[in-house]
Amino acid sequence: MKLIGVTSCPSGVAHTYMAAEALETAAKAKGWEVKIETQGAIGIENELNANDVETADVVILTKDIAIKNEERFAGKKIVRVTVAQAAKQAPEIITKLESMLAQA
């Protein structure tokens, strides 16, 4: 499985990066390929490219504030969570995604 995502929080500081790290760790623990873009106070980092988007099985987006360039995910399976959920419940989120994709 390949997971991509974008994390961002209103202040664009700690939670943005904590959520990205938690999702990456949880996905890798399941053997997934993963790339998470952060949209923080210092701008966009680890930016997703067209190939990342095209080859992804699922996209996870934080919903606390608007994600820049969200239109690039049109037609993909998108799951939205809060940045706090991503930071604190990443293993549970990945397990739910795994179940959701298995049923598709």
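Every read-out reported here was derived from the displayed coordinates using simple, explicitly stated rules and does not represent laboratory data. None of these values were measured; they are calculated from a predicted model. A quick note on method: Cβ atoms are made from the backbone with ideal geometry, for glycine too, and the neighbour counts reach across all protein chains shown.
Within the range 22-60, the set of residues being without any contact (Cβ under 8 Å) to a residue 12 or more places away in the chain and of a type in the set (D, E, K, R) comprises Lys28, Glu45, Glu47, Glu54. The residues of the range 13-37 that are surrounded by 14 or more Cβ atoms within 10 Å (Cβ to Cβ), in a loop (DSSP other than H, G, I, E, B) and of a type outside the set (A, V, I, L, M, F, W, C) amount to a single one, Lys30. Regarding Gln39, is this residue within 14 Å of the chain's Cα centre (by Cα), of a type in the set (S, T, N, Q) and closer than 14 Å to Ile4 by Cβ? Against the criterion (within 14 Å of the chain's Cα centre (by Cα), of a type in the set (S, T, N, Q) and closer than 14 Å to Ile4 by Cβ), Gln39 qualifies.
Residues are listed down the side, and each one gets a yes or a no for (1) of a type in the set (S, T, N, Q); (2) in contact with a strand residue (DSSP E or B) (Cβ under 8 Å, 6 or more places away or on another chain):
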| site | (1), (2) |
| --- | --- |
| Thr25 | yes, no |
| Trp32 | no, yes |
| Asp57 | no, yes |
| Leu61 | no, yes |
| Gln85 | yes, no |
| Ala102 | no, no |
